[in-house]
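**Q** Before we start, here is the structure in question, set down as structure tokens.
The values are calculated or read from the model by the stated rules, or taken from the named source; none is laboratory data. Quick caveat, the model's predicted, so the values are computed rather than measured. All Cβ positions, glycine included, derive from the backbone under ideal geometry; neighbour counts span all protein chains shown. With ligands, DNA and RNA removed, areas are computed over all heavy atoms of the protein, side chains included. Shrake-Rupley method; radii C 1.70, N 1.55, O 1.52, S 1.80 Å.
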Amino acid sequence: MADITRRLGWRHLRGAPTAHIRHHRSGTLVHDGPGLSFWFRPLTAALSEVPVDDRELAMTFHARTSDFQDVAVQATVTYRIADPAVAAARLDFSIDPDTGAFRGTPLEQLGTLLTETAQQHALDVLARTPLSAALVDGVAAVRERVAAGLGAEPRLPATGIEVVAVRVMALRPEPEVERALRTPAREQIQQEADRATYERRAVAVERERTIAENELASRIELARREEQLVEQRGTNARREAEEQAAADAVRAQAEAARSVKLAEAEAARSVKLAEAEAARTLKLTEAEAARTLQLAEAEAARAERVARAEAEGAREVGEARAQAQAAWLRVHAEAGIDGTATLRALTATRLAENLPRIDSVTVSPDVLTGLLAKLGGGPPEAAR
């Protein structure tokens, strides 16, 4: 279909390469050819678009054979419009100037023409052919007759139509007839299949027997070889045991010799270690005894010196205390104090040495008067 565009009262047509455009203006042919593109006014233009590409027309129709059997024919006719001017003059290929669509149905008319013409020739050839021959050679016969009939049809060139090819895809009878026709062939095929099955079974049985015999022979040979294998294995095991025993004996002897050498070496090393340890222990014991003796002598000398020093100090301290005590007593004796007062003074001194610390002492007047009187050597009244 042509592509038409509107612009301010004008129309622009753009055709396809496979479409032949014919443009008449006021009865005069202005444009004629495929794939045109031009401007036109819709009120004065008469446009026709004739397709010039190859077109396929599929058709299916029924026919009757000479033995009055109905068959269905499926065919395809390939055609093209060889003379677009003639076709446009014989059929209405005019298009709408606004939409580009066909005003009529020219392609349907061509299809009807070709279908009826092909059907006429196919019916003619099948009416003289029995069903069995039609099923065998009917496709080729119908195709040749339809192609020849369409080629000799005077109306097609007068309409500008050229038939390119004719193909007949199938020619089939009714389903019941087709099943009936298939039955003998199916039975024959089934018989052949059964015979092939029986033959295959016979061959399979024979082969199974041969296989069983071969298996039995194989088992016998396998048992014989297994017996040989057992004997060989016993021989090998016996030889292996003997070799293993010899190897174990050699290994035991070598191990015993190595153990003896290791024991002797270990004993010698142990003796050396014991002697070295005894010598080291003896040296350590002698050194420890000497060090202990030296320490004991030094400690005894130090203890003796300390004891002497302490005794000397204690003697000197005792002598000093005795001298001080004698001097103190002598002072009291020279002062004319009686023995009782002296003892009291000694007691007070010892008591003062053993008393805890006294921060303050409160002395009453009576005690102070008595002490002063005693220190002055007179009666208390005089002290007052």
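**Q** If Ile95 meets every condition in (1) under 60 Å from the mean Cα position of the chain (by Cα); (2) under 18 Å from Pro17 (Cβ atoms) apart from one, which number is that one?
**A** Result: Ile95 passes all but (1).
**Q** I'd like the residue in region 112-162 that is hydroxyl-bearing (Ser, Thr, Tyr) and surrounded by 15 or more Cβ atoms within 10 Å (Cβ to Cβ) and, out of all such residues, is nearest to the chain's Cα centre (by Cα). Spell out how you get there, then give the answer.
**A** Pass one, region 112-162, residues hydroxyl-bearing (Ser, Thr, Tyr): 112, 115, 117, 129, 132, 159.
From what is left, the residues that are surrounded by 15 or more Cβ atoms within 10 Å (Cβ to Cβ) are 115, 117, 129, 159.
Working: Thr115: 65, Thr117: 69, Thr129: 71, Thr159: 72 Å.
In this case the residue turns out to be Thr115.
**Q** Next question. For Leu262, state whether it is among the hydrophobic types (A, V, I, L, M, F, W, C) and within 60 Å of the chain's Cα centre (by Cα).
**A** no
**Q** Met169 versus (1) under 55 Å from the mean Cα position of the chain (by Cα); (2) in a helix (DSSP H, G or I): which is the lone unmet condition?
**A** (2)
**Q** Just checking, does region 30-47 include any residue being part of a strand (DSSP E or B), of a type in the set (Phe, Trp, Tyr) and within 14 Å of Leu126 (Cβ to Cβ)?
**A** Filtering region 30-47 down to residues part of a strand (DSSP E or B) leaves 30-34, 37-40, 45-47.
Then keep just the ones that are of a type in the set (Phe, Trp, Tyr); that gives 38-40.
Among the residues that remain, those that are also within 14 Å of Leu126 (Cβ to Cβ) are: none.
Checking region 30-47: not a single residue is part of a strand (DSSP E or B), of a type in the set (Phe, Trp, Tyr) and within 14 Å of Leu126 (Cβ to Cβ).
**Q** Now for a separate question. Do we find a residue being of a type in the set (Val, Ile, Thr) and closer than 30 Å to Ala87 by Cβ anywhere in region 191-211?
**A** Of all residues in region 191-211, those of a type in the set (Val, Ile, Thr) come to 197, 203, 205, 210-211.
Applying the additional criterion that residues be closer than 30 Å to Ala87 by Cβ yields none.
No, region 191-211 contains no residue that is of a type in the set (Val, Ile, Thr) and closer than 30 Å to Ala87 by Cβ.
**Q** Restrict the check to region 56-68 and report whether at least one residue is open to solvent by 20 Å² or more (accessible area, probe 1.4 Å), modelled with pLDDT under 90, touching a helix residue (DSSP H, G or I) at 6+ places or on another chain (Cβ under 8 Å) and part of a strand (DSSP E or B).
**A** Taking every residue of region 56-68 in turn, at least one turns out to be open to solvent by 20 Å² or more (accessible area, probe 1.4 Å), modelled with pLDDT under 90, touching a helix residue (DSSP H, G or I) at 6+ places or on another chain (Cβ under 8 Å) and part of a strand (DSSP E or B).
**Q** Checking the conditions here, which among Gly35, Gly15, Gly27 is in contact with a strand residue (DSSP E or B) (Cβ under 6 Å, 6 or more places away or on another chain) and either in contact (Cβ under 8 Å) with a residue 60 or more places away in the chain or not acidic (Asp, Glu) (or both)?
**A** On the way: Gly35 fails: in contact with a strand residue (DSSP E or B) (Cβ under 6 Å, 6 or more places away or on another chain); Gly27 fails: in contact with a strand residue (DSSP E or B) (Cβ under 6 Å, 6 or more places away or on another chain).
The match here is Gly15.
**Q** Something else now. Any idea which residue in region 95-111 is nearest to Ile161 (Cα to Cα), counting only those that are surrounded by 16 or more Cβ atoms within 10 Å (Cβ to Cβ) and touching an Asp or Glu at 6+ places or on another chain (Cβ under 8 Å)? Break it down stepwise before answering.
**A** Step one: filter region 95-111 for residues surrounded by 16 or more Cβ atoms within 10 Å (Cβ to Cβ), giving 95, 97, 100, 102, 106, 110-111.
This time we only want the ones that are touching an Asp or Glu at 6+ places or on another chain (Cβ under 8 Å), so: 95, 100, 102, 106.
On the way: Ile95: 20, Gly100: 23, Phe102: 19, Pro106: 12 Å.
Filtering region 95-111 for residues that are surrounded by 16 or more Cβ atoms within 10 Å (Cβ to Cβ) and touching an Asp or Glu at 6+ places or on another chain (Cβ under 8 Å), the one nearest to Ile161 (Cα to Cα) comes out as Pro106.
**Q** Right, another one. I'd like the full set of residues that are closer than 24 Å to Asp67 by Cα, of a type in the set (Gly, Ala, Ser) and either modelled with pLDDT of 90 or more or open to solvent by less than 30 Å² (accessible area, probe 1.4 Å) (or both), limited to region 163-189.
**A** Selection gives Ala170 alone.
**Q** Every residue in region 115-124 that is out of contact with any Gly (no Cβ under 8 Å at 6 or more places or on another chain) and of a type in the set (A, V, I, L, M), please.
**A** Ala122, Leu123
**Q** Can you tell me how many residues within region 69-104 are in a loop (DSSP other than H, G, I, E, B) and of a type in the set (Val, Ile, Thr)? Break it down stepwise before answering.
**A** Filtering region 69-104 for residues in a loop (DSSP other than H, G, I, E, B) gives 69, 82-83, 91-93, 96-101, 103-104.
Within this subset, residues satisfying the condition of being of a type in the set (Val, Ile, Thr) are 99.
Of the residues in region 69-104, 1 are in a loop (DSSP other than H, G, I, E, B) and of a type in the set (Val, Ile, Thr).
**Q** Among Ala87, Ala58, Ala82, which is without any contact (Cβ under 8 Å) to a residue 40 or more places away in the chain and under 30 Å from Val142 (Cα atoms)? Walk me through how you get there before you give the answer.
**A** Working: Ala87 fails: without any contact (Cβ under 8 Å) to a residue 40 or more places away in the chain; Ala82 fails: without any contact (Cβ under 8 Å) to a residue 40 or more places away in the chain.
None of the others qualify; the one that does is Ala58.
**Q** Could you please let me know if Ala16 is on the phi < 0 side of the Ramachandran plot, part of a strand (DSSP E or B) and of a type in the set (Gly, Ala, Ser)?
**A** On the way: on the phi < 0 side of the Ramachandran plot: yes; part of a strand (DSSP E or B): no; of a type in the set (Gly, Ala, Ser): yes.
It is false that Ala16 is on the phi < 0 side of the Ramachandran plot, part of a strand (DSSP E or B) and of a type in the set (Gly, Ala, Ser).
**Q** Do you know which residues across region 1-13 are assigned to a strand (DSSP E or B) and surrounded by 15 or more Cβ atoms within 10 Å (Cβ to Cβ)?
**A** So the first thing to find is which residues in region 1-13 are assigned to a strand (DSSP E or B), and the list is 3-7, 10-13.
Correct list: Ile4, Arg11, Leu13.
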